[in-house]
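Each reported figure results from applying straightforward, stated rules to the coordinates on display, with no laboratory input. Bear in mind the structure is a predicted one, so any value in this text is a computation, not a measurement. Don't worry about glycine lacking a Cβ; one is built from the backbone with ideal geometry, like all the others, and counts go over all protein chains shown.
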Amino acid sequence: MIIKRFISLLILLLFCSICYGKTSKNKQPISIIINDWSSQIVLAHITGRVLNSAGYKTKYSFSPINEQWGSLSQGIDHVQIEVWEGTMATMFERVIKSGNVLDAGSHKATTREEWWYPSYVELLCPGLPDWRALKKCSALFSNDGSNTGRYIAGPWEKPEAARIRALGLNFKIDTVKKTDDLWSELKDAVKHNKAIVLFNWSPNWVEAVYEGKFVEFPEYQKECEIDPKWGINPEFHYDCGNPKNGYLKKAVWKGLKKKWPCAFKIIKNISFDNQSISALAATVDFKKLSYKEAAKQWTDENKHIWHQWIPNTCKLGSTLND
Ligand code: TMO
């Protein structure tokens, strides 16, 4: 009796391990990169939920944007769901060229990352959004009584110092340590009707809550970064703004396509537009839901969208499922 039971248990165990082995995708988790701004983190969690529903295990791995390319190239991490042209193009294009990272296509959204101010600042500094207005009113943006304005930069490397120099602006750069510090600076300035100019981007939660504009620097062109003669300052690079209709791409470790072909197809299909990214960021930064709650709410309410990202042959239970 006991032996019989033991044998049937053994058979069951053996059978289960065969099933488990067959669905190889259940073994190793797909590692999804988390950066340090809200829309990226929510999109990463949504990606995780979508992959889970197609049978994949996932995990999240925090990485600052400068450090993510190494782990993505080596297959330590596998997915980056928000590659912003303005902050990541140089490194992204480098790792694509190396062949270690694959371009998994673009979101519908177009992006912009630039100096930004809330609308009332135009009354204090007429001529905005044209950047030349900043030349005249730098003192307004000062926080130390001098004529030197203060530009509040985000915790991501940008060629701001080069731009300030090339355009002859009298501004110093104050770099915040974390994204939330940008928003507390903004809220404080709005409350006191103070002049402020800070790094911001679109799509983001800010545009869903505050009126404001990006500063219009001379139009971006690639040559501006590589040919000093280009633009109004013949001696220096970066006498231009950031790209205006920047891309928002997805990137994956090169091995993902072979190892988890359905995951690759799903990630290629994932696409968010400006409006939904802005709303998702606002869900966290304004309505104060957690990243996970925001992702769950979105997936609960938008099944009609993300179910279409999973090809039929990849649906759980399909025989072609990898
Ligand atoms: C990469 N970012 C959206 C913060 O500019």
#### Entry: Potential extension, SER290-THR313 segment - 0.36 nm per residue separation minus Cα distance
5.0 nm
### Query
So what is the relative contact order for the chain, in percent, with contacts set as C-alpha pairs under 8 Å and at least six apart?
25
### Task
Would you please state which residues of segment 208-251 a label at SER106 would reach in this model, taking the label point 7 Å out along Cα→Cβ and a backbone N cut-off of under 12 Å?
244-250
#### Entry: Cut-off 12 Å between beta-carbons: net charge of the residues surrounding ASN35, Lys and Arg +1, Asp and Glu -1
-3
### Query
Around PRO129, what is the net charge, scoring Lys/Arg as +1 and Asp/Glu as -1 over all other residues with Cβ under 11 Å from its Cβ?
-2
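In the neighborhood of ILE152, defined by Cβ-to-Cβ distances under 9 Å, what is the net charge if each Lys or Arg adds +1 and each Asp or Glu adds -1?
On the way: positive: ARG150; negative: ASP174, ASP181, GLU185.
The answer is -2.
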### Summary
Here, GLN28 and ILE76, labelled 7 Å along Cα→Cβ, have an inter-label distance in nm of 1.5
#### Entry: Estimated inter-spin distance, ALA208 and LYS178, nm [label 7 Å along Cα→Cβ]
2.1
### Query
Hey, rough spin-label estimate for LYS135 and THR90, points 7 angstrom out along Cα→Cβ, what's it come to in nanometres?
2.6
### Task
Would you mind checking which residues have amide H under 5 Å from PHE171's amide H? H placed 1.01 Å from N; only 5 or more apart, or other chain.
GLY149
### Query
Is the shape of segment 112-226 rounded, prolate or oblate, going by the alpha carbon gyration tensor and its root eigenvalues a ≥ b ≥ c, with a/c under 1.5 for rounded and a/b larger than b/c for prolate?
rounded
### Query
Where the centroid of each part is defined by its Cα atoms, how far is segment 218-242 from segment 38-104 in Å?
30
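Among the DSSP beta bridges whose two residues both lie in the chain, what percent are antiparallel, rounded to the nearest 5?
Values: 17 of 30 bridges.
Rounded to the nearest five, the antiparallel share is 55 percent.
Greater than 28 Å separation of Cα atoms is the criterion. Which listed pairs, LYS178/LYS292; LYS178/LYS258; LYS268/LYS288, meet it? The partial results should precede the final answer.
Values: LYS178/LYS292 20 Å; LYS178/LYS258 37 Å; LYS268/LYS288 30 Å.
With Cα atoms farther than 28 Å apart: LYS178/LYS258; LYS268/LYS288.
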### Message
Order 275-281, 182-188 from most to least packed using the mean count of other Cβ atoms within 10 Å.
### Response
275-281, 182-188
